[in-house]
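A quick write-up on the structure given underneath.
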Amino acid sequence: MYGRWHRLSTQAERMAGNVFILPAVLVVLFLAIFPLIISLYLSLSRFKFVKGGFQIKFVGLANYQKLLAGSEKTHFLGAMADPSPLGWLVVAIVVALMAWGLVRYIHSRQHSVVGLVGRVLATFLFGLGVWLLVHTLSPDGRPGTIVVTWIYVSVGIAVQYLLGLGLALLTIQRLPGRRFFRVVFLLPMMITPVGIAYTFRMLTDTDKGPFQPIWQALGLGLYSWVNDPWGARAAVMISDIWQWTPFMFIVLLAALEGQSMELIEAALVDGANRWQTFWHITLPQILPVSTTLILIRMIEAFKIVDLPNVLTNGGPGTATESMTLHAFISWRALDLGGSAAIAYMLLFVVTFIGMAYVNLIRRRVAEA
Amino acid sequence: MVRFLFQRKSLSAPSPAGMALSYLALGIWTLVALFPLYWLLVTSFKLPIDVNMGPFYLPGIDFKPSLHAWEYILVGDLSNDTTRNYINTVVVAPLSAGLALLLGTGAAYGLTRFQYQPRLGAILTFIGCLVLAIFAITLGAPWQIALVASAVLFIILLQTVGRRFKRSLANNDIAFWLISQRMLPPVAVVIPIYVLFQRLNLLDTRVALIITYLATNLPIVVWLMRDYFQTIPFELEECAAIDGASRYRIFWSIVLPLSVPGLVATFLFVLVFAWNEYLLALFLSGARSQTLPLTVAAQNATRGPQWWYMSVLILIMIVPVIAIAIALERYIARGLLVGAIKG
């Protein structure tokens, strides 16, 4: 009896690794691989309603060609124009930085062929991205959905992270009433995104919204955010920041609560000031969580769709349209192939940025 | 006198001046966070004419509050819809979040404490067989037969060809693969998932929503919890292992209690995500399994958005989540780790 029990338990012990990971992997596999393959096929085909049903015709890369060089090019990539001097300056700085990084990598002791190829590819694609940004954001150019999405992601995440970190640092202090603040700060995250989009449509209304007296006083009574490209984008970004700062806040708060206080107290006793303890002790401790947080938020932020859809309907023109909204609009027009192609372009962009981020930044942080 | 302002009572308590500044900053952000909610509350008591005639701020002072929207949603024409969708949301969100936390935490623990080496050849064979199965199903073969046939093919190939490929992946690759499943926007994912559940006869059921949310939330749980497990020192587990505790026991009675703050934060986030999800629910649910976000969006009718109804719905939607957040907030408390190491 005892022997059998013992055998069983040693076997369970040996299987432990698989028992822990397999359920999650299987569930994700079940619902992930299948849609991935189907949408890939859709993106390579044209969907059409015919008598008595529909027809899916294989068209090769035509949908992608349309996005990158065909009729959808200005919509997707944007209208190019010669960059301003400032734009050229940005290009010069970025190119110099990337070249410096490459040279440093080649001179470092532990470079490998795979690492080198990866870095060259990353440098090339990143340079291409900067080139696109500079050309479409110049005064005469017009950013397409891919550039607009990137603006939402980068501005949104930077602001959300800094705000979230600041608020988390404020609320870990032993202040009376901090529990009240913690709960209140979480509230925006709990509203359904569709609801937030409608709420902000009420709030940004310059005629009937609550801030109407302010707009009146500023002489903007008849101005509508929605008619100015940057005004409309700002409205979308403000709503996004309002909604997602709490997410950064709560994860950073949990990370800060988990840090070891003894180190900080020891440093304070030794005469370090607040800034030094934050920079040398707290920050390194929360960096791994921060990099994960930013990666997750980045992936989610690239899929922003409810806010621009409800707030501005993508307008004026296509100024606030994100890539997912672009895909959604094509999808509504029953261009399933085109929609899937945009989705796959988004997947390429996010995968590239995500992999570069994980390999170049996250791993370094985790090893440090 | 001035020095008193900057003196701290103890090392971790802020000075009076620092406290004042902290309260100022906290107060400003409280205003920012609460004002939209206040506006929703005010709007929910307004008659349509009060909304359309320009901004009114204080019920009872610059407009006469009315309960018409609350009546319409809670006891009037829409009450049946509201109740049904409310129950659906209450069932779907916590269940999927709980399951995601359960499976995801296990996977996260595995990824930080074990070395996995899945062989690349096996994975590619698997995907190949899956593609074949899908292809066969789209050509009209019954899905049971197609699945069994491809499973058999997979095992045969794995035993013969698959062994030749020795190249394997590492934990980081598995983690990145998991998170990469969230990169495709739902617009692209939704049609295949719709077809999948149609084939399984699960369309318009809560089960379909629970499974979908579980799969979409798992990667987030894995990634967030992985970082928490990395901050938990190995020494404790080594001690327990030497004392003869099994892996499961170590996980259950040492690692999990130590990561309560992380678990709570992660659970809250996943719960909120499932509670509020809109697009997938729109496609996967018909009349029976609709969730509340659909009801909110449905108030944007042909006559334009019905702000007053929307406000009521949004408000009754967030009340339970706030209650959960208040209940769980105290578990995100300091000092759990510190004590454990010392003892």
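Before moving on, here are some points about what is shown:
- Net charge, A:G166 excluded, C-beta distance under 15 Å - Lys, Arg +1, Asp, Glu -1: +3
- The protein assembly as shown: Cα Rg divided by the 2.2 N^0.38 Å rule of thumb: 1.01
- Separation between Cα centres of the range B:188-233 and the range A:49-97, rounded to whole Å: 31 Å
- Distance from the alpha carbon centroid of the range A:255-281 to that of the range B:47-88 works out to 51 angstrom.
- Of the DSSP H helices in chain A, those whose Cα atoms cover at least 27 Å axially and whose Kyte score averages -1.0 or more: A:2-43, A:85-107, A:113-136, A:145-172, A:229-258, A:336-357
- Cβ-based exposure ranking for A:F76, B:F63, in which fewest neighbours within 10 Å come first: B:F63, A:F76
- Legend: helices of chain B (whole DSSP H runs) are marked when their alpha-carbon atoms reach 20 angstrom or more along the helix axis and their mean Kyte-Doolittle hydropathy is at least -0.5; marked are B:16-44, B:79-113, B:120-138, B:143-160, B:206-231, B:260-276, B:307-329.
- For B:S96, net neighbour charge (Lys/Arg +1, Asp/Glu -1) across residues whose Cβ lies under 14 Å away: 0
- Other residues with beta-carbon under 15 Å from the beta-carbon of B:A325 carry, at +1 per Lys or Arg and -1 per Asp or Glu, a net charge of +3.
- The order of B:E71, A:E72, B:E237, B:E277, going from fewest to most other C-beta atoms within 10 Å of their C-beta, is B:E71, B:E237, A:E72, B:E277.
- Dividing the Cα radius of gyration of the range B:34-94 by its Kirkwood radius returns 1.09 for Rg/Rh.
- Cβ-to-Cβ counts within 10 Å put A:F58, A:F278 in ascending order as A:F58, A:F278, the fewest first.
The numbers here are math on the coordinates, done by the rules we state, and not lab data. Predicted model only: the values in this text are computed from it and were never measured. Note: ideal-geometry Cβ built from the backbone for every residue, glycine included; neighbour counts use all protein chains shown.
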